[in-house]
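Note sheet for the following structure.
The values are calculated or read from the model by the stated rules, or taken from the named source; none is laboratory data. Remember, it's a predicted structure, so these values are computed and weren't measured experimentally. Here the Cβ is made from the backbone with ideal geometry for all residues, glycine too, and neighbour counts use every protein chain on show. Only protein heavy atoms, including side chains, enter the accessible area calculation; ligands, DNA and RNA are left aside. Shrake-Rupley method; radii C 1.70, N 1.55, O 1.52, S 1.80 Å.
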Amino acid sequence: MRQYRRFKAQHPECVLFFRMGDFYEMFDEDAKTVHEVLGLTLTQRSTGIPMAGVPHHAAENYIARLLGQGYRVAVCDQIQDPKDAKGVVDRAVTRVLTPGTLVDESLLDEAASNHLAAIAFTEAGDDSAAVIAVAELSTGHFVLRDVRADQIIDEVARLGPTELLYVETADRSVPPRVAAIRDAVGCVLTARPTWTYRQAEAREVLIRQFNVHSLAGFGLEDDDPALGPAAALVYYLQETQHPDASDEDARLAHLRPPRRDPGDRYVTIDHATLRSLEIERTMRSGDTAGSLLDAVQNARTAMGKRLLREWLCYPQRDRSVIEARQHAVEVFRADDALATTVSEHFSAIHDVARIVGRLAVGRAFPRDLVALGRSLGTIEPLADSITDIPALAPWATTLDELREPLGELAATIDRLCDDDPPAHLREGGLFRDGIDAELDEARGLQRDAGAWLAEYQQTLSDTTQIPSLKVGFNKVFGYYIEVTHTHTSKVPDTFTRKQTLKNAERYITPELKTFEDKVTTADSRAIEREKQLFENLCADAHAETTTIGLFADCIAELDVLRGFGELARMHRYVRPTIVDEPIIDIQQGRHPVLDQRLADRFVPNDSELGENHGHLALITGPNMAGKSTYIRQVALIVLLAHTGSFVPADRATIGLTDRIFTRIGASDELHLGQSTFMVEMTEMANILHHATDRSVVVLDELGRGTSTLDGLSLAWAIAESMDGIGSRTLFATHYHELTTLADDRDSVRNLHVAVREWGDDIVFVYRIMPGRTDRSYGIHVAQLAGVPRSTIDRAKALLDTLTVQTSEEGRRRAAQSAPTAADQLDLFTTYAEHPALATLRSIDLNALTPLDAFDKIRAVLASLDRPDTDAE
């Protein structure tokens, strides 16, 4: 228990898995924690200490569940053979597992990156910006991003880290802006000491980690604010992966040098858009199924699946990059034979990026090494299959450059390792016979002990002329040579008496003793020799970490592009034309997710924005008629086009886009004290502040969270503001008054969803048509939803009454309001009346003389000629 408490004191923030024989035990508060979180039985030691445990072979499952709940785990293993221990077995913390530092295959989702991020805020005037360092331990990727103050949460959401490091505060509290990130994104927060972020220490740890004299080659100056979070992240990785190692031993050789990734290379997608367009997961269930990622996922390899997610969250803005990807997609779409051949090669490629990560931190298993060899063995046939195809030249060149070093490593692994390796080295059987003399000898003793003993017995019998001589074995004395008393005189001096029996003597010889030592230790010696050979082979693979990383990157890109080609071929996607002008021209576009689910039942629609078509489209029509689907599909087609994918349409021309904004759906943030309307206005404010004439904006039912007049006023003003910005905007609304904007503005278009009426019923045809509509058909939709008939009838009666009252209210408000500016449209143009009418209504005829009446009439007539003059 003293030993346990020492390790627990070193890792107080972790649940300590303490190895005792065949179990991992937890004590004290840790035992209570796993009892509550995992449901483990809580027992007590004789001293009254709470205790809970799990079998060592099942520990990974329990660890995964703890990590999923946001806990950290320290694994304390026995590092000494209990047979050699003279007291308490030596132990050490061999791993510290946190949500952001996982490498084990059983703990990771192959299709999702497991990012660890470190953030540092920098003050710039009245604004505060941040630098984020992001690494994935399982693959070695390491990126630095500079983020504007207003985009911090959006950027963290796109990166999707499972754990975020931040500078520890003096009172150990979580800073409000860090808490805001956690609340929005859901990552685990980990406070780190201030010194791990300091510039001087940061520079030294990065130089030591990457074995360089200067960081200038990475684009980092000595006073760069990115040094702090980058070094804090490296410190943390070293601390968790090599908890008992010296600094020199703690280097993570597979961790790539930090790469600064400029944000202007990508289309910006904020947190709201990521959620509203259901790019990674659906809003209703939070699952991947039904998302855009799920609909376009055709990658064969784990690396490709993760890269596709990255491309969807970070679409390209560089036209040359987009078009290079399109050329490759076209090859795979048009050449089915090539796509099939490449796909077959990909099916043999394992997750080599993460295998290298496990090799680097000493967590690789025999099957990892064999999988690596098989994967690298595809490099030659794969390179041959894409050679001489101009569109695939960049990837073919990379594979050609990697062919020699990786081909040799693949051949070595294939030559040394068995095709069916064991799950663990403790089982033995990884290496083939005939590749190592020492291993062959140990295995030979295991398999052929009986044959050697028979041969040795015959040799002794012939040499000593004792025909009854026998070689035997028992558990007490081991191997022996038994000679009856009759032939005792023939026993040579080289025999040493070991035991006397009634009728015989038992002896031992140096040769037999040597054989006994070898046989009894053959199993352990064979496994130890395999461990040594395994370490040597891992070292050979580790030496090619950089080239294997390049191979993994190349395969991932080819896999995504091949998947895009297959997607285009299967679902009739077309190659969009990418232009510099901010336009959208989509003919017969389809929603990428619903198109697959509904197949031929999905109704395609055209979309035209920019140039001669106006850049603001107001879309009216009933609920359930397809407005929301339509505006989402346009945004998703624009996004897909910027990844290099083909798009679901008959034809498409897409102008380069800097940002995609959405304001969709009604949601609240009660834990932040924000109502539905507050969330809506906050998101809208972000759009108004940052949208440009190169942005694409999708607005759905803006202004529903407040009173009708407030909502209409805000929707009207926002529509005018978006028109002034010039963004390509799709605005779905039930405020039909907004459609009058198109009367005076050439940049505004009216669209509506066509509906067919049949008596009291309506039929949705899901077709977007030019023009406006003045009805929402809400009562018809309620009827379709199954609202009782009596309620529907009452609603119709109330609708007629409220329509009249609303008209009267409109006239009254218009009479009381000041005249609008010449360049603004009156919200109540439909119902407004001239002030002269109000003057006439106010006249009390019974109180006027005829001359007074003539004077009033003259004043009214004068006001008709002078509209700005008070009628009174």
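Think of the range 419-505 as having a plus end and a minus end, set by charges on the Cβ of Lys, Arg, Asp and Glu; of P421, A442, G478, G478 sits farthest toward the positive end of this dipole. By the gyration tensor of its Cα atoms, with a ≥ b ≥ c the square roots of the eigenvalues, what is the shape of the range 467-530: rounded for a/c under 1.5, prolate for a/b over b/c, or oblate? The shape class here is prolate. Counting only helical runs of four or more DSSP H residues, what would the 222 nm mean residue ellipticity of the chain come to if each run contributes -39,500 (n - 2.57) and the total is spread over all its residues? Computed mean residue ellipticity for the chain: -14000 deg cm²/dmol.
Based on Cα atoms of the range 686-796, Rg over Rh with Rh as the Kirkwood radius reads 1.03. Inter-part distance, the range 361-419 to the range 483-504, computed on C-alpha centroids, equals 63 Å.
With Kirkwood's inverse mean 1/r over C-alpha pairs for Rh, give me the Rg to Rh ratio of the range 586-737, two decimals please.
0.97
Classified by the C-alpha gyration tensor, the range 520-643 has a prolate form. Its axis ratio a/c, with a ≥ b ≥ c, is 1.5 or above, and a/b is larger than b/c.
Phi-derived couplings, Karplus 6.51 cos²θ - 1.76 cosθ + 1.60 at θ = phi - 60°, listed residue by residue for the range 312-321: 6, 7, 10, x, 7, 10, 7, 4, 5, 5 Hz, with x used for Gly and Pro.
Solvent exposure of H780, expressed as accessible area, is near 30 Å², computed with a probe of 1.4 Å over the protein chains only. Helix 510-520 sits at what angle to the longest principal axis of the chain, using alpha carbons and giving 0 to 90 degrees rounded to 10? Here the helix axis deviates by roughly 20 degrees.
Packing-wise, with mean Cβ within 10 Å as the measure, how do 652-661, 567-576, 384-393 rank, highest first?
Working: 652-661: 22.2, 567-576: 18.9, 384-393: 15.4.
My ranking of the peptides, most packed first, is 652-661, 567-576, 384-393.
Percent of accessible area on the chain owned by carbon and sulfur, 1.4 Å probe? Mind dumping the intermediate values first?
Details: 20620 of 41110 Å².
Reported share for carbon and sulfur atoms: 50 percent.
Just the number please: accessible area per residue for the chain, 1.4 Å probe, all protein chains included, in Å².
Numbers: 41110 Å² over 872 residues.
Accessible area per residue: 47 Å².
Under the combined filter of DSSP loop state and at most 16 neighbouring Cβ atoms within 10 Å, the range 393-490 retains these trypsin sites (Lys or Arg not before Pro): R432, K475. Measure nothing but the geometry: give the 0 to 90° angle between the long axis through the Cα atoms of 59-68 and the longest principal axis through the Cα atoms of the chain, rounded to 10°. It is inclined by approximately 20 degrees. How many percent of Cα pairs in the range 104-241 exceed 20 Å? Distances greater than 20 Å cover 45 percent of the Cα pairs. Assuming a ≥ b ≥ c are the square roots of the Cα gyration tensor eigenvalues, decide whether the range 283-421 counts as rounded (a/c under 1.5), prolate (otherwise, with a/b larger than b/c) or oblate. Note, shape of the range 283-421 comes out oblate.
With both residues required to sit in the range 115-206, DSSP beta bridges show an antiparallel share near 65%.
Shown in residue order for the range 716-727 are the 3J(HN,Hα) couplings computed by the Karplus curve 6.51 cos²θ - 1.76 cosθ + 1.60 at θ = phi - 60°: 5, 4, 5, 4, 4, 5, 5, 4, x, 5, x, 5 Hz (x for Gly and Pro).
Give the percent of DSSP beta bridges with both residues in the chain that are antiparallel, rounded to the nearest 5. Mind showing how you got there, number by number?
Numbers: 64 of 101 bridges.
Around 65 percent antiparallel, to the nearest 5.
Summing Lys and Arg as +1 and Asp and Glu as -1 over all other residues whose Cβ lies under 14 Å from the Cβ of H615 gives a net charge of -4. Computed from Cα positions, the angle between helix 28-38 and the longest principal axis of the chain comes to roughly 60 degrees.
Any of K86/K498; K8/K305; K32/K531; K470/K513 with alpha carbons more than 27 Å apart? Name them for me. Walk me through the numbers on the way to the answer.
Values: K86/K498 30 Å; K8/K305 39 Å; K32/K531 38 Å; K470/K513 15 Å.
From the list (K86/K498; K8/K305; K32/K531; K470/K513), the Cα-Cα distance tops 27 Å for K86/K498; K8/K305; K32/K531.
Just reorder M681, M1, M303, M624 by solvent-accessible area, largest first, 1.4 Å probe, all chains present. Walk me through the intermediate numbers first.
Working: M681 45, M1 80, M303 10, M624 120 Å².
Heavy-atom accessible area, descending, gives M624, M1, M681, M303.
For mean projected area of the Cα convex hull in nm², the value calculated from this model appears in [x] 54.9; [y] 70.1; [z] 56.6 under label [z].
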